Each structure stands twice: as structure tokens, then as C-alpha cells.
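The values are calculated or read from the model by the stated rules, or taken from the named source; none is laboratory data. Nothing here was measured: the structure is a model prediction, and the numbers come from that model. Ideal geometry is used to build each Cβ from the backbone, glycine not excepted, and the neighbour counts take in all protein chains shown. Surface accessibility is based on the protein's heavy atoms, side chains included, excluding ligands, DNA and RNA. Shrake-Rupley method; radii C 1.70, N 1.55, O 1.52, S 1.80 Å.
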Amino acid sequence: MRTLITNGHIVTAIADYEGDILIDGEKVAAVSVPGAFASLQVDTVLDAQGKYIFPGAIDVHTHMELPLPATVASDDFETGTIAAACGGTTTIIDFANQQRGHTLADALQTWHNKADGKAVIDYGFHITITDLAAAPETAMDDMVTAGVTTFKLLMAYPGTFMVDDETIYRVLRRSAKIGGLVMVHAENGIVIDLLVREAVAAGHTAPGFHALTRPAILEGEAAQRAITLAAFADAPLYIVHVSCAHALHTVAAARVKGLPVWGETCPQYLYLNDSHYASPGFESAKFVCTPPMRSIADNEALWLGLQRRELQVVSTDHAPFHFAGQKELGLHDFTKIPNGLPGVEHRVVLLYEGVRTGKLALQHFVDLIATAPAKLFGLYPRKGTIAPGSDADLVIFNPERKMTISAATQHQHVDYTPYEGMQVQGIPEAVLLRGGVIVRDGEYVGGKGGGQYLRRATFSEELTEV
Ligand code: DUC
Ligand code: ZN
């Protein structure tokens, strides 16, 4: 099966030019000047006149069907990956969480059971490590063999996910030995827990107290601690969902020193701010996620952090919970509001607003949504670029078409969006996954469960420098 995409404006992280793309089976066979393949016999021709062609976007931070003590995230691997596809994302990496007392292999199997045969785009897993007593760090070696080369640690949520400094250090040390990359959720969980208990004891139960009890400075402290431990362990480190200037500056300072530290932020930390917690009643529960929304000054600092390439990736931390019946679990106690926001569908259009408004160059935008994630997470050059031999994961993007983001029209399985009413210009019109069209005119047209599990390569610092 051969497909030809003609007349498009091809954009990668390092070049953009008018060109045609020849796809043979699941791979890009060749890329050349417009008209170069005109004499070839092909099965399908897609005309991309006036459109950009981006590599399929990669979201390295999702939580499909995330189980929390009282509920489960509302998107499963089918609905969530259909939404991702409609938004231009062709690969996700989701977190398989080790339950305390269980092995890493159990976690991986549990997440395979959720995703295999259901995901409609390609997917990999990170392992969240919570309990070295149940699975000593040597168990990480088997994960690398299974293609799971990244390990997440949470410095927040004592009693469930939080790990202590000994665990952080031991995981970093092992990861460095076996070619892994450790990802850290940086927040000082112990002090936050105290603030939360004090707030509840004082009768402060409204959703806004979620943010007030998780101040930005405690994210900065944890990020710095993780960076220090990683430097001591001689291990590369990736800080997830950087939300504030405090944490950003620790990442930037580490990089200036030449330390192998990378960071991501998410659209919510670029576009939303803590004024949302001032909404009357319970409405602000829609914005309860961790870390919480910060100040407008933090939004601006993060845009600058992207521009200066102090942060390398924009992911989503997609963890949707319906307002009705799920967020409402915390109606009388903010600590019971499930933490998380929907976002997997809108990352690409939201970040493209950064291009449209002059904050980001087009190639840099592609780097943030596709190329840098592929390089950091062991998928490059199979994913993350448009080149002969790469998977034909492509987004045909119409920069002229406008859209209003709304729960009424989204594909995410959740009853609200934090971006309700926001106007964007530039939308993924068609999406190809390994050569097959899975989105046409913004709607999912692919089959069921066509996503493939991706065994990812070990971490390569050299790649990140290219
Ligand atoms: N933050 C959230 O808001 N939800 C899921 C996990 C996380 O770190
Ligand atoms: Zn997360």
C-alpha cells in the first residue's frame, strides 16, 4: 500500500520546506521536492495544499484509566487515545503504577491489560516505583528488557505514591547503570501534608485550599533536592509538570552547570492560573490538579523557559475526572477531589497558539511536541520526525481553520474542559498512524485497537544534543 502526500509544507524540528512524502506500508519511504513522485503508481494521494505536515505528536505524560483510592480516571485507553488522535497525537507514554507490596512486573502487566487491544495509537509505559521493599531496584533491569526505560518517582502524596530520599537515590543509581531515565514529580509531600491537615482542621474545605496548601516554593525545593540527588548518583533526570518559576529556575541552573537535567511543562501551566480557584461555589474543582495552577507571572516564566529551551517538552498529565460524580466526591472536603485535568486532545492546538502569537518558532513547536519527546524517551528516529525509515505518523494541519474548545465537541470522555470557550486557530485535519489515515476532517475514522506497544530504547544523552 503506497500513499503520496503532495503539496504540503513539511515541518520538522530542524527544517521546514515545501515537499511531497511517499509512504510505503507503515513507513516514510522518501521525501522530496513537490512533484518528484508524480510518475509513481500509488494507491492513495492526499493533497496537503496550504497545510503543514508535522510528525505525529508524542505525549509522554498521560494517565488513562488511572485508579485512585475512590475513583478511576474517566478516559480509558480507547476513548483517551481516540481523543489524542483527533488532537494530532499518535503516541502516548502512560504511567504503570507499582502498587505497594506488588512487583514492577505486576504493574506492567496490569497496564498492558488496560491498553492492549484498546489503544488506537501507539503507546509505551513508564513504571512508577513506590516500594523498593516489594521490588528491589534490580527489578528495574527486567523493565528495561521489556522496553520500559523510564522510571517515575513521586515526592508527593505520602502514604500512597511518595517515596523517601533513600528510595530516590537508590532508583537513580540503578537507573544510571542500566540506561534508564528517572522522572520526578517534585513537591515536598511531607510539608504539604502538614499544611493540608492544618487547613482541614481549621475548617478550610473549599477547592481553593488545594492550591493554597501546595505552594510553589515547595515544588522548587523538591526539584532542587531531586537534582542534587541525581547529580550525586551521576544519573540523568527529567522533572515532570514544571508549574512555576521556582522549579523552572532549579532546572535552568542545573543545565547551566552542565548537569543532565531536562524538564517538561503542560498547557495548563502556560494558559491557566490561580484565579480559577477564586470561582464561587465548587466550580474551581475543575482546576484541581497537582501541581495546582500558579500565578500569571509563573505562566510567563514558563513561556520564557520554553523560549530559552530550559524546558524541552510539553506534555499534558492527562488525568480526567468528570465534574459530576467524580470531582464532586470532594464537595465538602477538597482533599477528596480527584486530582487531574483532561488535556490530551488539546495540547497540539494550544501550543500552536504559541506559534501563532509569536512566542515559539514553528520548528521549535515541533521539537516540543514530538522530536524532543522521541529523543528523550527512546523512540527516535522511529518516531518524532519525518524522514525515510521513520514510522509514517503524520499530522496534516490546517493553520487557517478556527475552533472553539468545548466539552460539547471534544472527544475526551469527560464532562468538561478547563479550556471551555477558548478560541484557537490551526487544527489537525488529518492524522496518519503508521501510514493509515485514522483522523479525517477532525474525526476519528480508524479501526479498533490499532495501537502498538512500543519497546523503547535506553536513554541516550547524545541524541538530546542533536
Ligand atoms: N497530578 C494530577 O493532577 N493527577 C495525576 C497525577 C499527578 O501528578
Ligand atoms: Zn502525572
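Points worth noting:
- Charge context of ASP116, other residues only, Cβ under 15 angstrom, K/R +1, D/E -1: -1
- Karplus 3J(HN,Hα) series, Hz, for region 422-428 with 6.51 cos²θ - 1.76 cosθ + 1.60 (x for Gly, Pro): 6, 8, 10, 10, x, 9, x
- Highest-first packing order for the peptide set 407-418, 72-83 is 72-83, 407-418, based on the mean count of other beta carbon atoms within 10 Å.
- Whole-number percent relative contact order across region 253-359, with pairs defined as alpha carbons under 8 Å at least 6 apart: 30 percent
- Averaging 1/r across all pairs of distinct Cα atoms in the chain and inverting the result yields a Kirkwood radius of 22.1 Å.
- A simple packing score, the average count of other Cβ atoms within 10 Å per residue, orders the peptides 279-285, 36-42, 184-190 as 184-190, 279-285, 36-42, with the highest score first.
- Residues in the chain average 36 Å² of solvent-accessible surface per residue, probe 1.4 Å, ligands and nucleic acids excluded.
- In summary, the helical segments of the chain meeting the span-like criteria, namely a full DSSP H run, a Cα extent along the axis of 24 angstrom or more and a mean Kyte-Doolittle hydropathy of at least 0.5, are 216-233.
- Ligands, DNA and RNA left out, the accessible area of the chain computed with a 1.4 Å probe is 54% carbon and sulfur.
- Projecting the Cα atoms of VAL144, VAL42, SER460 onto the dipole axis of the chain, where Lys and Arg carry +1 and Asp and Glu carry -1 at the beta carbon, places SER460 farthest toward the positive end.
- Taking the chain and dividing mean pair separation by its residue count, relative contact order in percent (alpha carbons under 8 Å, at least six apart): 22 percent
- Dipole check for region 306-399: with +1 at the C-beta of Lys and Arg, -1 at the C-beta of Asp and Glu, and the Cα centre as origin, the magnitude is about 260 Debye.
- The magnitude of the dipole of region 328-466, with charges of +1 and -1 set on the Cβ of Lys/Arg and Asp/Glu and taken from the Cα centre, is near 320 debye.
- Cα centroid separation, region 268-307 to region 140-169 (Å): 27 Å
- Lys/Arg +1, Asp/Glu -1 at C-beta; the chain dipole; positive extreme among ALA84, ALA297, VAL348: ALA297
- Relative contact order, whole percent, for region 40-95 stands at 43, derived from Cα pairs under 8 Å and 6 or more residues apart.
- Lysines whose Cα lies under 18 Å from that of LYS114, excluding same-chain neighbours fewer than 8 positions away: LYS448
- Relative protection proxy for 84-94, 345-355, from highest mean packing down: 84-94, 345-355 (other beta-carbon atoms within 10 angstrom).
- Total charge dipole magnitude, the chain, about the Cα centre, Cβ charges on Lys, Arg, Asp, Glu only, Debye to nearest 20: 380 debye
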